[in-house]
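Report on the structure given below.
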C-alpha cells in the first residue's frame, strides 16, 4: 500500500503519518467487506400511451407517455421541397428548410422536430424587432395552413440542428422527424445542398 502511495505521489512526496497508518490498517484488515449483491431487477414494459387529442400538448418523445416515433401515424402532410444548409467544416450547427402541403382537412400544428444528426433540434423563426432581424425559438405550435403551404425558409421559420454529431457535406442525407399536435409524425430525408 505504501508503495502505491509513493507510486501515485512520487518518492519525494511528504505523506502524513496518519495517512500511512490508515493504509497499514486497511491493508491489515483486508479492506472493507464486499457489498451485498443488488436485488434482482424486474423489467416492466411501459404501457402504450393513447394518441393525444388535437389541440392537447404533445408528450415529450422518449417519455413513458409518448409512443415511439415509428409507432406514430403518418402526418397528413406532403414534402414539396427541402434541404439542409451546408456549413463550413467544424461548424456546430446548421438549419433545415422545407415546404409542406396538407393532404387532409382538419386542424394541424407542428409542435416539435427531431433528428439523430444533432444533439438538439429546435423550431426557430426570424422576427423584426426595432428594425433588426432576430432569430429565436418558436413559442407554441406552428399551425399548418388548410390551404397553401407551410414554408420553412431563410428569414422565416426554420429548424436549427444544434450540436451536429458528424460533419455534413453537400449531398449527405439528414433524417428529420416532424411531430404534430394530433400525435402524427412526418419522417423526412433532406439533402445537404446550397440554395
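Some notes on this structure:
- Ranked by how many other beta carbons lie within 10 Å on average, peptides 130-140, 115-125 from highest: 115-125, 130-140
- Take each peptide in 146-156, 103-113, count the other Cβ atoms within 10 Å of every residue, and average; sorted highest first, the result is 103-113, 146-156.
- Based on Cα atoms of the range 69-191, Rg over Rh with Rh as the Kirkwood radius reads 0.96.
Laboratory data are not the source of any read-out in this text; all were calculated from the coordinates shown. These figures come from a predicted structure and were not determined experimentally. Every residue, glycine as well, gets a Cβ built from its backbone with ideal geometry; the counts of neighbours run over all protein chains shown.
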